[in-house]
């Protein structure tokens, strides 16, 4: 769910290298690093802009 190509490379580097138990808290403090949109269709979901996938959903 992390957008590793995002603009805030300093925060992304911190998230990448901090202890696993601290990563979720840091991501929640910096929601801009989460890949969006999150699109759900029942039990299916996508991260990011994926219209080709959405077209296949009935």
Residue check, residue 18 modelled with pLDDT under 95 and in contact with a helix residue (DSSP H, G or I) (Cβ under 7 Å, 6 or more places away or on another chain)
no
Can you find, within segment 6-22, the residue that is nearest to the chain's Cα centre (by Cα) among those that are exposed (fewer than 12 other Cβ atoms within 10 Å of the Cβ) and not in a helix (DSSP H, G or I)?
7
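Matching residues to (1) free of Cβ contacts under 8 Å to residues at least 40 places away in the same chain; (2) assigned to a helix (DSSP H, G or I); (3) out of contact with any helix residue (DSSP H, G or I) (no Cβ under 8 Å at 6 or more places or on another chain); (4) loosely packed, with under 11 Cβ neighbours inside 10 Å:
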| site | (1), (2), (3), (4) |
| --- | --- |
| 24 | yes, yes, yes, yes |
| 28 | yes, yes, yes, yes |
| 36 | yes, no, yes, no |
| 39 | yes, no, no, no |
| 46 | yes, no, no, no |
| 53 | yes, yes, yes, no |
| 58 | yes, no, yes, yes |
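The values are calculated or read from the model by the stated rules, or taken from the named source; none is laboratory data. Computed from a predicted model, the values in this text were never measured in an experiment. Using ideal geometry, Cβ is built from the backbone for each residue, glycine included, and neighbour counts are taken over all protein chains shown.
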